[in-house]
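Data first, discussion second: the structure below is written as structure tokens.
The values are calculated or read from the model by the stated rules, or taken from the named source; none is laboratory data. Since the model is a prediction, treat every value here as computed from it, not as a measurement. Using ideal geometry, Cβ is built from the backbone for each residue, glycine included, and neighbour counts are taken over all protein chains shown. Ligands, DNA and RNA are stripped out before the accessible areas are found, and what is left, the full protein with its side chains, is counted by its heavy atoms. Shrake-Rupley method; radii C 1.70, N 1.55, O 1.52, S 1.80 Å.
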Amino acid sequence: MKFYKLLTLLFSSISLAQVQPPQASTTADFTQIVGLTEIKITYSRPSMKGRKIMGDLVPYGAIWRTGANDNSVISFSDDVLVGNKSLKAGKYSIYTRPEKSNWEVYFYNKIDNSGLPKPWDESLIAASLTVKTKSVSEARENFTISIESINNDGAFIRLAWEKTEINIPLSV
């Protein structure tokens, strides 16, 4: 009988050791078809948790990894235009340089580093553009990337957190 109790205790301990708590910034992963182009985005969603975000946790004028944990990664099955910049089919990390009135958005060729590349390599920027910010009345608790205003020719890639959002024009 002691043997069975020992086995039960052993297996219970092993089972408990495998339980992993969720990350503070959960991962989001989605695919959206725009026209005939498949767009896939994987990113982490940090929370406000009562903190001031824009200009504080995410400082103005500094390059931000645009999310948390690993890089935010976007892939396109076909060549696209972001703003008026050509972007080849493939995978890119999304980085931004937030300011109060606009953000510079970078589509970066290297996706396998976590956080900001050290050193930052301008030659790995596949495309960049500047997008005006928009203030929204209702605060968004979690950082969110979405694809909005979808039609056969394009959409907007929306980045939103706290009371700020940007809409990156996308043409397919």
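Based on the Cβ-Cβ distance of Arg158 and Gln18, what FRET efficiency does E = 1/(1 + (r/R0)^6) give at R0 = 35 Å, to the nearest 0.05?
Values: r = 37 Å, r/R0 = 1.06.
For R0 = 35 Å, the calculated efficiency reads 0.40.
Give me the percent of accessible area attributable to carbon and sulfur for the range 39-168, probe 1.4 angstrom. Carbon plus sulfur share of accessible area: 45 percent. Applying 1/(1 + (r/R0)^6) with r as the Cβ-Cβ distance of Lys100 and Ile33 and R0 = 41 angstrom yields a FRET efficiency of 0.75.
Over the range 19-94, with the other protein chains present, what is the accessible area per residue in square angstrom, probe 1.4 angstrom? All intermediate terms of the calculation are to be shown ahead of the outcome.
Working: 3960 Å² over 76 residues.
For the range 19-94, the per-residue accessible area is 52 Å².
Comparing mean-square fluctuations of Tyr60, Tyr43, Tyr95 from a GNM of the chain with C-alpha springs under 10 Å, the top value falls on Tyr60. Stretching Ser171 away from Lys91 to a fully extended chain increases their span by 27.1 nm, per 0.36 nm per residue minus the current alpha-carbon distance.
Length gained on full extension, Ser77 to Asn151, computed as 0.36 nm times the residue gap minus the Cα-Cα distance: 25.0 nm.
Amide H contacts of Ala127 (H built 1.01 Å from N, in plane; Pro and chain starts excluded): Phe107 sit under 5 Å, all sequence-distant by 5 or more or on other chains.
In the chain, the longest principal axis of the Cα atoms and the axis of helix 2-17 are about 10 degrees apart.
You can think of it this way: the chain between Asn84 and Lys110 has 7.2 nm of extra reach, that is 0.36 nm per residue less the Cα-Cα gap. In this simple spin-label approximation, Arg51 and Asp121 carry label points 7 Å from Cα along the Cα→Cβ vector, and these lie 2.9 nm apart.
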